[in-house]
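Structure first, then comments.
The values are calculated or read from the model by the stated rules, or taken from the named source; none is laboratory data. On a predicted model such as this, the values are computed, not experimentally measured, just so you know. So basically every Cβ, Gly included, is an ideal-geometry build from the backbone, and we count neighbours across all protein chains shown. These area figures cover heavy atoms from the full protein model, side chains too; ligands, DNA and RNA do not enter into them. Shrake-Rupley method; radii C 1.70, N 1.55, O 1.52, S 1.80 Å.
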Amino acid sequence: MSTPTAAPTPEPSASAVFLSYAREDTSAALRIAEALRSQGVEVWFDQSELRGGDAWDQKIRRQINECSLFIPIISQHTQARSKGYFRLEWKLAVEQTHLMLEGVPYLAPVVIDSTPDAGAAVPTEFLRVQWIRLPGALPTPQFVGQVKLLLDAPVGSGTAFRSVQRGSDFAPFDKLKASTDREVDAPPTRVGRALRARLGWIAGATAFIILLGAFGWKRLHQNSDAVPPYEPAARRSAPPTSEKPALDPHRIAVLPLDNFSPDAKDEYLAGGMTEELTSSLSKISGLEVISRTSSDRIKKAGKNLSEIGAELRAGTLLEGSVSKAGDQLRISVQLIDVASQRHLWSHNYDAEFKDVFKMRSDVAERVAEALKVKLLGTEVQRLKKEPTANLEAYQLYLKGRFHWFKWSEEGAIKAREYFTQALVVDPNYALAYSGIADTWNWKAAPRQVRLEVGMAASKALELDDTLAEAHLSMAWIKFWLDWNWDAAEIEFKRALALKPSLAIAHDGYGHSLISRGRIDEGFAEQKKAVDLDPTSAAIMTNLGWSYYDTRKYEQAIDHGRKAIELDASFMIAHTMVGFAFALQGKPAEALAEFQKALSLGRNPWNIGHLGFGYARAGKPEEARRIIAELDELSKQRYVCAGMPALIYMELGEKERMFEWLEKMVADRDTWCVWLKQEPVWEPVRSDPRFQALMKKVGLEK
């Protein structure tokens, strides 16, 4: 395999871009500016609090005169203002075009919301060029690439971006065409150990650090002080078993709602409403809500209510149905006490679809009342909060979540399409941004994923700081790529304070604590995750990884086997079992598990693990063929540099191993956070070069 080279640091461009914006769009301008700057594009724009005066006039005139590309940011804010310094900047830019040769690219209007170009309050010259639309001002690598192309374009190459309208082949987020661009080759769930480079990313969607420059990480923490802080699982002591009922009535599972809609196109609605009710009840601190993953799996197994309650240890079940005919919606729900099989409460809701949010919050409040759970004032506010005023956006979001919960490659691609469409309809829909943050481009390098997904997570929090899922995405950003452990812990705890029953947040928090050597705390969180989602193969596997990381290989294998029983197709469980066998000195068994994982999903991580298995089993030629295969694959997509490093270590080629480990750290690969705990690196952990790498990542001082 060729010698690795670290990712180059972008050099400042000789050409500059001028951003012009209304003051209400400052944060949008900063996002666009920092995305361009991160790729070496020089950006000019006025950030002064007070504009005007001779000094300002001279500076702005000079910059507009000297810039190579003028990007006016167009929005409802610019539409609403007939006066403003941005209009003077626009006028100066138009005057500049009169001095230019025809065909020189200079004007590149960017629209950050649903403002139409027809009838837009902009200079006529802006309408003569084509516009690009970036809902929420979330610039993609594709957008940045086009800006760089325009800066380098020869005379006569064109005047601006091609038009980007709904349904065009340039979507607001990169790589959305399910029919042609398959960008996901692992399940999109954010909860798996897949996020570490054993499979590259987390087995579920998640998110990366956003480059926000001067805007930084400052967000509005609406009502943040009113939400009780999260108390870590390790500090909570359960009462003696004798004091707890066999089935706790405050432990509730929302069973999948039956779909009675006559139109097959409304199938998404039942799954969407199930998730909405689960999510709403999870906001109530007095309840313990079983994850939807386990509720779905249990009901599909065809078990009766008593069996479901016993297996989930849930004293209360919420079941029902949903049907939609045109704009009319009927939701029937029943709250059942498992021990007595008695209906605690039931109701039929018949209303127009526009009242769906009221029905959702009413169900949550009625459940709390029936179970005698007192709601906090902030919980009532959050339950009643309507995520969007646009019902079309809401339906698109539900369709996105419907596909996201399929945990498949195709599901992730389709989910991202729907989330993006929701943002086109409502650019201020925080949950849709959170959905984008949950869908990953699996073939992209970490730095690109940071740009694509991190901005969505940050925008979601900017719009609504009370979204637990968005805080979880930001926790992954801080942990996996920023390597800012303290900031990650704050975000994990914030997510759990907002949704104490969010199993994947407990799982992620525990995972991060284990990586730092806080073993007891980490296991407490991960066991809580299993308690809330007992039939999740991903969460069971992650607990197995933690046993593996703490050198308890038999327990790791045991949990891997349990995960495979839950889902025979869950390849990461086979990977984990394979590593545990390898470290136990059972190379044949390890190789068999790696081969099984590869048969379930052919991706760079599984290929690399197989190479490790070959090397450990004394098959160097097969291992070197794997290195060659990874080399070819790296020409088409991102390949974790830790994979060849791992194989070279097993082949005894320590110098080559360190070359690739250096590249892995330079790439900011997610596997880097496990350098301290990962047992497989034990033979080289004492090497000063390895110690230096851990210091670069921040795992050693």
| note | Expected vector for region 369-385, Karplus 3J(HN,Hα) from phi with 6.51, -1.76, 1.60 and θ = phi - 60°, integer Hz, x for Gly and Pro, equals 5, 5, 9, 6, 9, 7, 8, 6, x, 5, 5, 4, 4, 5, 5, 7, 5
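Please report the net charge: other residues with Cβ closer than 13 Å to the Cβ of Lys303, K and R +1, D and E -1. Walk me through the numbers before you get to the answer.
Details: positive: Arg297, Lys299, Lys300; negative: Asp296, Glu307, Glu311, Glu319.
With Lys, Arg at +1 and Asp, Glu at -1, the net is -1.
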| task | Report, by chain and number, residues whose modeled amide H sits under 5 Å from the one on Arg251, excluding near sequence neighbours (fewer than 5 apart, same chain). | result | Glu288, Gly315, Thr316
| query | Ignoring any ligand, DNA or RNA, what whole percent of the accessible area of region 226-385 comes from carbon and sulfur when the probe is 1.4 angstrom? | reply | 49
| Roughly what would the spin-label model give for Asp486 and Ala588, points 7 Å off Cα along C-beta, in nm? | 5.3
| field | Residues whose placed amide H lies under 5 Å from that of Ser346, excluding near-sequence neighbours | value | Leu335
| said: Apply the a/c threshold of 1.5 to the C-alpha gyration tensor of region 474-631 and tell me whether it is rounded, prolate or oblate. | reply: prolate
| request: For region 494-571, give the percent of accessible area contributed by carbon and sulfur heavy atoms, probe 1.4 Å, rounded to a whole number. | output: 51
| field | Arg62 - accessible surface, heavy atoms, 1.4 Å probe, Å² rounded to 10 | value | 120
| task | Can you figure out the FRET efficiency of Arg561 with Arg637, using R₀ = 41 Å and their beta-carbon distance, to the nearest 0.05? | result | 0.80
| said: Using the Karplus curve 6.51 cos²θ - 1.76 cosθ + 1.60 with θ = phi - 60°, what ³J(HN,Hα) values do you get for each residue of region 309-316, in whole Hz, with x for Gly and Pro? | reply: x, 5, 5, 8, 6, 9, x, 9
| request: Could you list which residues have their amide H under 5 Å from that of Asp258, counting only those 5 or more apart in sequence or on another chain, with H placed in the peptide plane? | output: Gly320, Ser321, Val322
| request: Calculate, for region 27-98, the solvent-accessible area per residue in square angstrom, rolling a 1.4 angstrom probe over the heavy atoms of the protein chains. | output: 47
| task | Run the quick spin-label model on Ile519 and Glu410: label points 7 Å from Cα toward the beta carbon, then report their separation in nm to one decimal. | result | 4.5
| Within straight cross-link reach of Lys91, meaning Cα distance under 20 Å, which aspartates and glutamates are found once same-chain residues fewer than 8 apart are removed? | Glu24, Asp25, Asp46, Asp54, Asp57, Glu66, Glu102, Asp117, Glu125
| note | By the Cα gyration tensor axes a ≥ b ≥ c (a/c under 1.5 gives rounded; else a/b larger than b/c gives prolate, otherwise oblate), the shape of region 547-648 is prolate
| said: Explain nothing, just compute: Karplus ³J(HN,Hα) = 6.51 cos²θ - 1.76 cosθ + 1.60, θ = phi - 60°, for every residue of region 578-589 in order, whole Hz, x for Gly and Pro. | reply: x, 5, 5, 4, 4, 6, 7, x, 10, x, 5, 5
| message | Can you give me the accessible area per residue for region 525-649, using a 1.4 Å probe, in Å²? | response | 33
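Give the shape of region 410-492 as rounded, prolate or oblate, defined through the alpha-carbon gyration tensor: a ≥ b ≥ c are the square roots of its eigenvalues, a/c under 1.5 means rounded, and otherwise the shape is prolate if a/b is larger than b/c and oblate if not.
oblate
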| field | Efficiency of FRET between Lys552 and His343 - r from beta-carbon atoms, R0 35 angstrom, step 0.05 | value | 0.20
| said: With every protein chain left in place and a probe of 1.4 Å, what is the accessible surface of Asp558, to the nearest 10 Å²? | reply: 70
| query | Of Lys59/Lys696; Lys586/Lys654; Lys499/Lys701; Lys283/Lys354, which ones are farther than 29 Å apart at the Cα? | reply | Lys59/Lys696; Lys499/Lys701
| said: Going Cα to Cα from Lys148, which aspartates and glutamates come in below 13 Å? Please leave out same-chain ones fewer than 8 positions away. | reply: Glu11, Glu42
